[in-house]
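Student: Have a look at this one.
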Amino acid sequence: MKKSVHIIGVSGLYHDSAAALLRDGQIVCAAQEERFTRKKHDSQMPIHAIEYCLRQAGLDAAELDYVVFYEKPLLKFDRLIETYLSYAPKGFRQFLMAIPLWLKQKLHIPRELDKALGGDFKGKFVFTEHHESHAASAFFPSPYSQAAVVTLDGVGEWTTASIGTGINNKIEIKYELHFPHSLGLLYSAFTYFTGFKVNSGEYKLMGLAPYGKPVYKDLILTNLLDLKNDGSFRLNMDYFTYCHTDKMVGRKFEQLFGWPRRTPESPITQREMDLAASIQKVTEEIMMRIVNFAHNKTGMRNLVLAGGVALNCVGNGRILRRGPFENIWIQPAAGDAGGALGAALFVHYQLLNNPRAADEHNDIQSASYLGPAYSNDEIRMFLDSVGAKYRFFENENELLEEIVCDIEQGNVIGWFHGKMEFGPRALGSRSIIADARNEQMQSRMNRKIKFRESFRPFAPSILRDYASEYFKLPPDKDSPYMLLVADVQESKRIKPDGEQEKMSGFEMLKAKRSVVPGITHVDYSARVQTVDAERHGRYHRLLERFRQKTGCPLVINTSFNIRGEPIVCSPENAFNCFRSTNMDVLVLENFVLYKDEQPQMRQIEIDEYLAKFELD
Ligand SMILES: [Fe+2]
């Protein structure tokens, strides 16, 4: 019998470390390091994720054929040195601070990987370029045999965005934009200036945009960048300081807008909302120009996307609706975690030249359910060890019946089933779910369950067959990875009364905008996940049961965590999160726990739990 080839891809040492394992080109598993260490966006060498992948595949490190790192450290180091030299003597302190980590760790990746593998690895080390990894993560798992491949990112080595093609088992990158000119870094500069955390608050900025008006769009386009028709641009580096300081922007940027950076956690004002709306519009404009150019140059019908900016679901929705491509597929782990998967796939197809047969009806991402799962036996053992009170449902129908009633009665459910999602979104495996028809739910969930900012919207999971009834999504398109924003259909909207029409800013939250207010953003948009029987199994059956009972084919789906906490991985993580928040019900596979039946947590224990996670 032919021996299987095992490839592990690794990303790390910048942010969102992860590992992904392939057996003969099949994705066996993939997971982010943060889920194991409970440190959000953990950037350390992902030893726990690697260990999990080996365990899941039943392998020793000695049985691995290739270990692939998702970028080329020497090229990246070259960028660091060149950037320093072109700004010197500015940035000397920054440079001095960066060097020790490079000398100690980042320039010795094989040694570090060897350590992570317990010194047993005997195969080959491979390094792919950062953008090759993103491009491979976008194309190879996609359902297309041919596609235009676009990556939109912060920065890897030098490249910040790229356009190319994917044909069968090969990708070819044809156009690149280089550091310091970067769409990801431009967006992050505004994330920083509006008082959010870079590399994690970008979502908040996107969620804030619908409260504002894009009044600074022209100011940005006139002063901050020189945008060409093909979507390439040059940033005016007089305004940005990320090349030589640890801040994204400085005084000149503040002078342009006429006020300083918002202090983190201070009140958000109309100007932050307007800035968010403005940079969102600029970002969409750049995305549209880039994909139009990609379409002109490649003539492809399909588009695949990856890189951190591909998590901009509003921009993605616009590309789907107004862009030139018939179909788009976006890597669910579009940020650097997905680079681990892309790097491994790059070796399998591009370097080892293995054939690839794309199935136009199916990607190979498996709903992104690629992480750890736990058996009922394991869960029972854990629950008994902590003295939890639970009910066990042998029969799935009875379990679903119970949970559907709980949702309908206004309870908030922690839903833990099957393999954990790979990528930043919870997709029905580690989710918190609730009734989207309930007017109070958005504010209750933000304040009492997620402990996060009240303006942040929630997303729906909807049965695929009903998606275009509720949202302006083309009937033949789905969104299983929650990466597209679409507007709520007119027929489901509730017209605001005279008073409500005059509302602005966060006041707008008070208006009931649709028959599903829990997931309708203030501009009537929603970040949609479509749920289908083939991919989503029990989660689909739950939604179908909910629809049969209530007539409503959707629920609120938010990630199972609190602010600053990585999504829960194990039953223990889920139980702790459930206990420390105002969640009402916890479902762990076939076990159901009710909050009011559990021993009460003392306030000090709750505070301790909340304090564990740094605010993001
Ligand atoms: Fe990246």
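Student: Please find, among 565, 507, 499, 544, the residue that is surrounded by 24 or more Cβ atoms within 10 Å (Cβ to Cβ) and acidic (Asp, Glu). Steps first, answer last, please.
Tutor: Details: 507 fails: surrounded by 24 or more Cβ atoms within 10 Å (Cβ to Cβ); 499 fails: surrounded by 24 or more Cβ atoms within 10 Å (Cβ to Cβ); 544 fails: surrounded by 24 or more Cβ atoms within 10 Å (Cβ to Cβ).
Only one candidate passes the filter, namely 565.
Student: Return the residues of the range 308-320 that are small (Gly, Ala, Ser), over 11 Å from residue 150 (Cβ atoms) and within 16 Å of the ligand (Cβ to nearest atom); say none if nothing qualifies.
Tutor: 308
Student: Do we find that residue 46 is under 16 Å from residue 347 (Cβ atoms) and either of a type in the set (Gly, Ala, Ser) or within 27 Å of the chain's Cα centre (by Cα) (or both) in this structure?
Tutor: Taking the combined requirement at face value, the residue does not satisfy it.
Student: Tell me which residues, restricted to the range 129-175, are open to solvent by less than 10 Å² (accessible area, probe 1.4 Å), out of contact with any strand residue (DSSP E or B) (no Cβ under 6 Å at 6 or more places or on another chain) and more than 16 Å from the ligand (Cβ to nearest atom).
Tutor: Residues satisfying the conditions are 140, 141.
Student: For the range 516-541, what are the residues that are assigned to a helix (DSSP H, G or I) and open to solvent by 10 Å² or more (accessible area, probe 1.4 Å)?
Tutor: Selection gives 517, 533, 534, 535, 537, 538, 540, 541.
Student: Turning to a different aspect of this structure: Can you name the number of the only condition in (1) over 30 Å from residue 202 (Cα atoms); (2) within 16 Å of the ligand (Cβ to nearest atom) that residue 389 fails?
Tutor: Answer for residue 389: the failing condition is (2).
Student: Here is a follow-up. So, of the residues in the range 13-31 that are part of a strand (DSSP E or B) and open to solvent by 10 Å² or more (accessible area, probe 1.4 Å), which turns out to be nearest to the ligand (Cβ to nearest atom)?
Tutor: For the range 13-31, the residue satisfying everything is 27.
Student: Then there is this: Inspect the range 360-373 for any residue being at pLDDT below 95, hydrophobic (A, V, I, L, M, F, W, C) and either more than 16 Å from the ligand (Cβ to nearest atom) or open to solvent by less than 30 Å² (accessible area, probe 1.4 Å) (or both) and give the result as yes or no.
Tutor: no
Student: Write out, first by first residue and then by second, each pair whose Cβ atoms fall under 8 Å of each other, whose residues are 6+ apart or on separate chains, and whose first residue, in the range 131-142, is in contact (Cβ under 8 Å) with a residue 60 or more places away in the chain while the second is crowded, with 24+ Cβ neighbours inside 10 Å and among the charged types (D, E, K, R).
Tutor: If the second residue must be crowded, with 24+ Cβ neighbours inside 10 Å and among the charged types (D, E, K, R), the pairs left are 131/153; 133/71; 134/153.
Student: Moving to a separate point now. If I ask for residues that are crowded, with 22+ Cβ neighbours inside 10 Å and touching a Leu at 6+ places or on another chain (Cβ under 9 Å), which ones from the range 287-302 would you list?
Tutor: Matches in the range 287-302: 287, 290, 291, 294.
Student: Could you tell me whether the range 444-451 includes any residue that is under 20 Å from residue 552 (Cα atoms), in contact with a helix residue (DSSP H, G or I) (Cβ under 6 Å, 6 or more places away or on another chain), surrounded by 15 or more Cβ atoms within 10 Å (Cβ to Cβ) and among the hydrophobic types (A, V, I, L, M, F, W, C)?
Tutor: no
Student: Hey, can you tell me all the residues within the range 32-46 that are open to solvent by 30 Å² or more (accessible area, probe 1.4 Å) and either at positive phi or away from the ligand (no atom under 14 Å from the Cβ) (or both)?
Tutor: Listed by number, the residues that qualify are 36, 37, 38, 39, 40, 41, 44.
Student: Please enumerate the residues belonging to the range 590-611 that are assigned to a loop (DSSP other than H, G, I, E, B) and open to solvent by 20 Å² or more (accessible area, probe 1.4 Å).
Tutor: Correct list: 599, 600, 601, 602.
Student: For the range 188-201, give me the residue count where each residue is within 13 Å of the ligand (Cβ to nearest atom) and either of a type in the set (Phe, Trp, Tyr) or open to solvent by less than 10 Å² (accessible area, probe 1.4 Å) (or both).
Tutor: Looking only at that region, the number is 1.
Student: Out of the range 447-466, which residues are in a helix (DSSP H, G or I) and touching an Asp or Glu at 6+ places or on another chain (Cβ under 7 Å)?
Tutor: 464
Student: Can you tell me which condition residue 74 does not meet? The list is (1) surrounded by 17 or more Cβ atoms within 10 Å (Cβ to Cβ); (2) at pLDDT below 95, and all the others hold.
Tutor: Condition (1) is where residue 74 drops out.
Student: For the range 87-96, how many residues meet the condition of being part of a helix (DSSP H, G or I) and free of Cβ contacts under 8 Å to residues at least 60 places away in the same chain?
Tutor: Selection size over the range 87-96: 4.
Student: Residue 614 passes all but one of (1) assigned to a loop (DSSP other than H, G, I, E, B); (2) at pLDDT below 95; (3) touching a Cys at 6+ places or on another chain (Cβ under 9 Å); which number fails?
Tutor: (3)
Student: How do the pairs read when you match residues in the range 150-163 that are farther than 19 Å from residue 320 by Cα and in a loop (DSSP other than H, G, I, E, B) with residues anywhere that are away from the ligand (no atom under 11 Å from the Cβ) and open to solvent by less than 10 Å² (accessible area, probe 1.4 Å), using Cβ under 7 Å and keeping only pairs 6 or more apart or on different chains?
Tutor: Pairs found: 154/188.
Student: Let me ask something else about it. Considering only the range 102-120, I want to know if a residue exists there that is assigned to a loop (DSSP other than H, G, I, E, B) and exposed (fewer than 13 other Cβ atoms within 10 Å of the Cβ).
Tutor: Step one: filter the range 102-120 for residues assigned to a loop (DSSP other than H, G, I, E, B), giving 107-108, 117-120.
The next check asks that each one be exposed (fewer than 13 other Cβ atoms within 10 Å of the Cβ); those that pass are 119-120.
Yes: one or more hits.
Student: Would you mind finding the one in 491, 468 that is of a type in the set (Gly, Ala, Ser) and surrounded by fewer than 16 Cβ atoms within 10 Å (Cβ to Cβ)? Give the steps one after another, and end with the answer.
Tutor: Numbers: 468 fails: surrounded by fewer than 16 Cβ atoms within 10 Å (Cβ to Cβ).
491 is the lone residue from the list that is of a type in the set (Gly, Ala, Ser) and surrounded by fewer than 16 Cβ atoms within 10 Å (Cβ to Cβ).
Student: Is it the case that residue 378 is modelled with pLDDT of 95 or more, among the acidic types (Asp, Glu) and assigned to a helix (DSSP H, G or I)?
Tutor: yes
Student: Those residues that are open to solvent by less than 30 Å² (accessible area, probe 1.4 Å), under 18 Å from residue 274 (Cβ atoms) and aromatic (Phe, Trp, Tyr), I need them from the range 202-238; list them, please.
Tutor: 211
Student: Same structure again: Being touching a strand residue (DSSP E or B) at 6+ places or on another chain (Cβ under 6 Å) and either within 16 Å of the ligand (Cβ to nearest atom) or assigned to a helix (DSSP H, G or I) (or both) is the filter here; which residues of the range 321-337 pass it?
Tutor: The answer is 330, 331, 334, 336, 337.
Student: Further question: Can you tell me which residues in the range 239-273 are within 16 Å of residue 222 (Cβ to Cβ) and open to solvent by less than 50 Å² (accessible area, probe 1.4 Å)?
Tutor: Once the filter is applied, which keeps residues that are within 16 Å of residue 222 (Cβ to Cβ) and open to solvent by less than 50 Å² (accessible area, probe 1.4 Å), the range 239-273 yields 239, 240, 253, 256, 257.
Student: Quick check, is residue 504 closer than 26 Å to residue 422 by Cβ, touching a residue at least 12 places away in the same chain (Cβ under 8 Å) and of a type in the set (Ser, Thr, Tyr)? Lay out the reasoning, then the answer.
Tutor: On the way: closer than 26 Å to residue 422 by Cβ: no; touching a residue at least 12 places away in the same chain (Cβ under 8 Å): yes; of a type in the set (Ser, Thr, Tyr): yes.
Criteria not met by residue 504.
Student: What do you reckon, is residue 24 modelled with pLDDT of 95 or more and touching a helix residue (DSSP H, G or I) at 6+ places or on another chain (Cβ under 6 Å)?
Tutor: Taking the combined requirement at face value, the residue does not satisfy it.
Okay, residues lined up against (1) among the hydrophobic types (A, V, I, L, M, F, W, C); (2) buried (at least 24 other Cβ atoms within 10 Å of the Cβ); (3) in contact (Cβ under 8 Å) with a residue 12 or more places away in the chain:
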residue	(1), (2), (3)
285	no, no, yes
308	no, yes, yes
314	yes, no, yes
317	no, yes, yes
320	yes, no, yes
325	yes, no, yes
338	no, yes, yes
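The values are calculated or read from the model by the stated rules, or taken from the named source; none is laboratory data. Here the structure is a predicted model, which is why all the values come from computation and not from measurement. With ideal geometry, Cβ positions are generated from the backbone for all residues, glycine too; neighbour counts draw on all protein chains shown. Surface areas here come from the heavy atoms of the whole protein model, side chains and all, with no ligands, DNA or RNA. Shrake-Rupley method; radii C 1.70, N 1.55, O 1.52, S 1.80 Å.
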